[in-house]
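First up is the structure itself, then whatever we jot down about it.
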Amino acid sequence: MKIMKKLLAVALMLVLVLGVMAGCSSGNDEKTNDDGTQQKETLVMATNAQFPPYEYYDGDKIVGIDAEVAALIAEKLGMELEIADIEFDSIVPGVQQGKYDMGMAGMTVNDERLEQVNFTTSYAKGVQVVIVKEDSDIKTIDDLTGKKIGAQQGTTGAIYAAEDYGEENVTTYASGNLAVEGLKTGKVDCVIIDNEPAKAYVSENEGLKILETEYANEDYAIAIAKDNTELMDKVNTALEELIANGELQKIVDKYITSEE
Ligand code: ARG
């Protein structure tokens, strides 16, 4: 009987110790599950997946340049990538508050965002362009004054348009898709958006074209919380490797066929 009690006590201790060990094993990139298998830590990327070819749905899977580059970064970090598809203008605050590890969404580096988060090395260039109906009387950027402009809320396109043409002339939409719908149904006269998604939208919808004059040039980078310098260093190292060894370009070439 005494022996039984002792054994029970030892067994209980063991369970306790194991439990504590399991709880303390984070901090490493790999965690041990209760069954002894290794579990990778997750790298949570916030995006807004209506932005082809950077992020969009193929069935129920989020694909695109950002999704693929992020997967390679996670692999280099020995982490499991998880993608959260949220409103574009919730990405920077969400990263700032630590809800997500990083924000990757064809996101332009600008001063306003730099007050809230840090950005990695830039991995792509963006150009803001103007989509109009084929028969539009808007021929160049100079014809935009007094026109109704559509853009995705919180994007640089929407910010510049409000600065240059007045907030009262800008209608913002939850996605670029919806802004293009607004153009098709005549609610706005044009849409200001990044060139690659613009090309995708124009090829998917009849009767639209992109103005030849470019509206603004910008750099895309990954947003990371200011206090998360450890992750910033790791992601920058991984990203710079992918740029240097041509793997990033390979992904870009898969999604963007350069004309000319
Ligand atoms: N480059 C623009 C910006 O940073 C638009 C990005 C929109 N991205 C998206 N995934 N919807 O404001």
Open item on the list: Is it the case, given these coordinates, that ALA84 is under 12 Å from the mean Cα position of the chain (by Cα), part of a loop (DSSP other than H, G, I, E, B) and small (Gly, Ala, Ser)?
Closed with: no
- [ ] Quick one: count up the residues across segment 96-119 that are in a loop (DSSP other than H, G, I, E, B) and under 13 Å from the mean Cα position of the chain (by Cα).
- [x] 7
Task: Residues located in segment 59-80, provided they are under 21 Å from ASP227 (Cα atoms) and under 14 Å from the mean Cα position of the chain (by Cα) - done: ALA70, ILE73
Open item on the list: Test of understanding: among THR213, THR229, THR237, which residue is at pLDDT 95 or above, of a type in the set (Ser, Thr, Tyr) and more than 25 Å from PHE88 (Cα to Cα)?
Closed with: THR237
Task: Condition met for VAL117 (closer than 17 Å to ASN177 by Cα, in contact with a helix residue (DSSP H, G or I) (Cβ under 6 Å, 6 or more places away or on another chain) and not aromatic (Phe, Trp, Tyr)) - done: no
Task: Complete set of residues in segment 137-168 that are β-branched (Val, Ile, Thr), within 13 Å of the ligand (Cβ to nearest atom) and not in a loop (DSSP other than H, G, I, E, B) - done: THR156, ILE159
Open item on the list: Condition check: in contact (Cβ under 8 Å) with a residue 24 or more places away in the chain, within 16 Å of the ligand (Cβ to nearest atom) and over 22 Å from ALA124 (Cα atoms). Does ALA198 satisfy that?
Closed with: no
- [ ] List the strands (runs of 3 or more DSSP E) that sit entirely inside segment 169-260 and contain at least 1 residues that are loosely packed, with under 14 Cβ neighbours inside 10 Å and of a type outside the set (Lys, Arg).
- [x] 216-220
Task: Test: residue in segment 56-63 that is touching a Pro at 6+ places or on another chain (Cβ under 7 Å), within 20 Å of GLN152 (Cα to Cα) and within 16 Å of the ligand (Cβ to nearest atom) - done: no
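The values are calculated or read from the model by the stated rules, or taken from the named source; none is laboratory data. As the structure is a prediction and not an experimental result, all values here were calculated from the model. Using ideal geometry, Cβ is built from the backbone for each residue, glycine included, and neighbour counts are taken over all protein chains shown.
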